[in-house]
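Below you'll find the structure, written out as structure tokens, and then a few comments.
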Amino acid sequence: GGTQRLAHVAGAGVAKDLIFTGRAVDAEEAAALGIVNRVYEPDEFDDSVRELAETIAANAPLALRLAKESINRGLDDEGGLDFERIACAFLFGTADQREGAEAFLEKREPTFEGR
């Protein structure tokens, strides 16, 4: 669901930029694009995450569960997700997928042929 969710969160232009280029973004850019909620300094991370978890855990568990499900269902564009599932299944059988995986494991740039 990444293609659909990223476009919903950051807009189609940002989603296309990041997905088509494979460009990595650092924490600050991710925050500016709205694709992460928070950025912490390394020395503040553990305490900040613990505080956030405690704040969430202090709320009603059933209400949290249903709120989460409601949010997720509201964002779910079933047509887009169905298409993405089909596309993903197709792509995993291609020569380009094998090349990408091999290049990653060999720490080299892939040579894609559109097959």
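Geometric descriptor of the stretch 1-53, per residue, is 90 Å³ (volume of the convex hull of the Cα atoms). Rounded to the nearest whole Hz, the Karplus-based 3J(HN,Hα) values (6.51 cos²θ - 1.76 cosθ + 1.60, θ = phi - 60°) of the stretch 81-91 follow the sequence 5, 4, 4, 4, 4, 5, 4, 4, 4, 4, 5, with x at glycine and proline. If R0 is 30 Å, the Cβ-Cβ spacing of residue 99 and residue 29 corresponds to a FRET efficiency of close to 0.60.
Taking the 1.4 Å solvent-accessible surface of the stretch 13-115 as the whole, the part contributed by carbon and sulfur is 59%.
How long is the gain from residue 9 to residue 87 if the chain were fully straight, where each residue apart is worth 0.36 nm and the alpha carbon distance is subtracted?
Working: separation 78, 0.36 × 78 = 28.08 nm, distance 2.10 nm.
The span from residue 9 to residue 87 would gain 26.0 nm if fully extended.
The modelled label-to-label distance between residue 51 and residue 69, using points 7 Å beyond Cα along the C-beta direction, is 3.3 nm. Taking 17, 26, 82 as the candidate residues, the one with maximal mean-square fluctuation in a Gaussian network model of the chain, Cα springs under 10 Å, is 26.
Using Cβ point charges alone (K and R +1, D and E -1), the dipole size of the chain about the Cα centre works out to roughly 480 debye. For the chain, the mean residue ellipticity at 222 nm estimated from helices alone is -21500 deg cm²/dmol, where every DSSP H run of n ≥ 4 contributes -39500 (n - 2.57) and the total is divided by all residues, rounded to the nearest 500. The GluC sites (Glu not before Pro) of the stretch 8-115 that DSSP puts in a loop, and whose beta carbon has at most 10 other beta carbons within 10 Å, are 113. The modelled label-to-label distance for the pair residue 20/residue 113, using points 7 Å beyond Cα in the direction of Cβ, is 2.6 nm. Legend: residues 3, 94, 111, sorted from most to least accessible area (1.4 Å probe; ligands, DNA and RNA excluded), read 111, 3, 94.
The values are calculated or read from the model by the stated rules, or taken from the named source; none is laboratory data. Just so we're clear, the structure is a prediction, and the values are computed from it rather than from any experiment. Cβ: placed from backbone, ideal geometry, glycine included. Neighbour counts: every protein chain shown. Heads up: the accessible areas ignore ligands, DNA and RNA and are worked out on the full protein's heavy atoms, side chains in. Shrake-Rupley method; radii C 1.70, N 1.55, O 1.52, S 1.80 Å.
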